[in-house]
Amino acid sequence: MAKDKKFRKKKKLGSYPFVSVVFSVTLALFVMGLFGLLLMMTKNLTTIIQENVEMQVFLNKNLSQNEITKIIKTLSSKDYVIKKEGISQVAHITKEEAAKEFYEETGEDFVEFLGDNPLRDVVVIKISPDFHESQNLVEIKKEIGFIRGVHEVTYIESLVSSIRENVKKVSFVLIGFSVILLTVVVILINNTIKLALFSQRFLIRSMQLVGATTNFIRKPFLMRASLFGLVSAVLAIALLASLMRYLNTEVDGLLDLLQLEQLIMLGTGIVLVGIFVGFMSTFAAIRKYMKMSLDELY
C-alpha cells in the first residue's frame, strides 16, 4: 500500500524533478544576470569617461567680470554642454587660481619671478557624448571661437577620437556576446525542461487515452514550469546580489557604476525570461509528446 502511494506520488500529473530543473535554470539565469551587470557597468563607465571630455576656452586678457559672466552664460545655454540636474557643466578657472595650482604642483612661483601673471582666465566646458563626432567638435570649436572675448579654444582631439573608436568596438563586442549568451540561456532552459518532461510522456498519453482535454493536461505542467521559472529567477537574483555585495567590499566604489533603475530592469528581465522561456518550452514539449504515436514515445 505504501509502495503504491509512493508510486502515485511520483507519477502525479505535472510533476517532474524540482531540484535538478531549478538548479539548471538558476545557473543559466545567473550567468545571464552576471553578463547583464557587466554590460551595465561597462555602459555606465563608458558614459562617465565620455562625459569628462572637456573643451578649454581661453579668454582675452583684461576682460571685465561682466564680460566673463556673459561668456559663461552664453556657453551654459548651448545644447552641446552637458547638463546634470539642470545645471550646465561649465567651470571658470581664473588666472590667479591657475597660477596657484601650478605653484602647488611644481613649487615654482613664476609670477614672482616674472613680476606678472601671463596666464589667461579659462572656461572649461564638458561636451555631451552626442556631440563627440569629429565634425561636431570642429563646428563647436569654430562657434565658440567667434564669441566676443574668446582668445582660443582647445581640446585633445586624439583622446576624443580614441574614446569614440573604443566605445564603438566595445559596444559591438558586447552586443554580439549578449545575443550569443541569450541564445545559449534560452536553449539551455529549453533543453532542461524538455529532458525533465521526457519522463512524463507516458503519463501524458495515459491521460489522453482516458479522455482528458488538452488544456486539462497542459495546465499543471505550465503552472509548474512558471513556478520553477519564478523560483529560479529569485534564486539567481539573490546570488547576484550576494556576489555584488562581496565584490563591493573588495573593489571600492563598484556599486557606484550601477543605477537602481537599471538593477530593477535587470531583475525584471531575469524573472520574465525565467517564466516565459519555462512556459513556452513546456508548452512546446507537451504539444510534441501529445502528437507522438505510441511507437515514437518508446
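Taking the numbered list (1) closer than 18 Å to residue 239 by Cβ; (2) in contact with a helix residue (DSSP H, G or I) (Cβ under 6 Å, 6 or more places away or on another chain); (3) not aliphatic (A, V, I, L, M) in turn, residue 281 passes all entries but (1). Being at pLDDT below 85 and surrounded by fewer than 17 Cβ atoms within 10 Å (Cβ to Cβ) is a description that does not apply to residue 67. Of the listed requirements (1) surrounded by 18 or more Cβ atoms within 10 Å (Cβ to Cβ); (2) touching a Ser or Thr at 6+ places or on another chain (Cβ under 8 Å); (3) assigned by TED's automatic domain parsing to the domain that holds residue 133, residue 150 misses just one: (2).
Can you find a residue in the stretch 190-201 that is of a type in the set (A, V, I, L, M), in the same structural domain as residue 286 (by TED's automatic domain parsing), surrounded by 14 or more Cβ atoms within 10 Å (Cβ to Cβ) and in contact with a Leu (Cβ under 7 Å, 6 or more places away or on another chain)?
No - not one qualifying residue is present in the stretch 190-201.
Scanning the stretch 207-227 for residues that are over 39 Å from the mean Cα position of the chain (by Cα) and at pLDDT 85 or above returns no hits.
For the stretch 198-219, indicate whether the set of residues that are part of a helix (DSSP H, G or I), out of contact with any helix residue (DSSP H, G or I) (no Cβ under 7 Å at 6 or more places or on another chain) and among the basic types (Lys, Arg) is non-empty. Within the stretch 198-219, one or more residues are part of a helix (DSSP H, G or I), out of contact with any helix residue (DSSP H, G or I) (no Cβ under 7 Å at 6 or more places or on another chain) and among the basic types (Lys, Arg).
Within the span defined as the stretch 232-244, every residue fails to be in contact with a helix residue (DSSP H, G or I) (Cβ under 8 Å, 6 or more places away or on another chain) and free of Cβ contacts under 8 Å to residues at least 12 places away in the same chain.
If only residues of the stretch 155-170 that are in contact with a helix residue (DSSP H, G or I) (Cβ under 8 Å, 6 or more places away or on another chain) and modelled with pLDDT of 80 or more are counted, the one that is surrounded by the most Cβ atoms within 10 Å (Cβ to Cβ) is 155.
The values are calculated or read from the model by the stated rules, or taken from the named source; none is laboratory data. Just so we're clear, the structure is a prediction, and the values are computed from it rather than from any experiment. Positions of Cβ are backbone-derived with ideal geometry, glycine not excepted, and every protein chain shown enters the neighbour counts.
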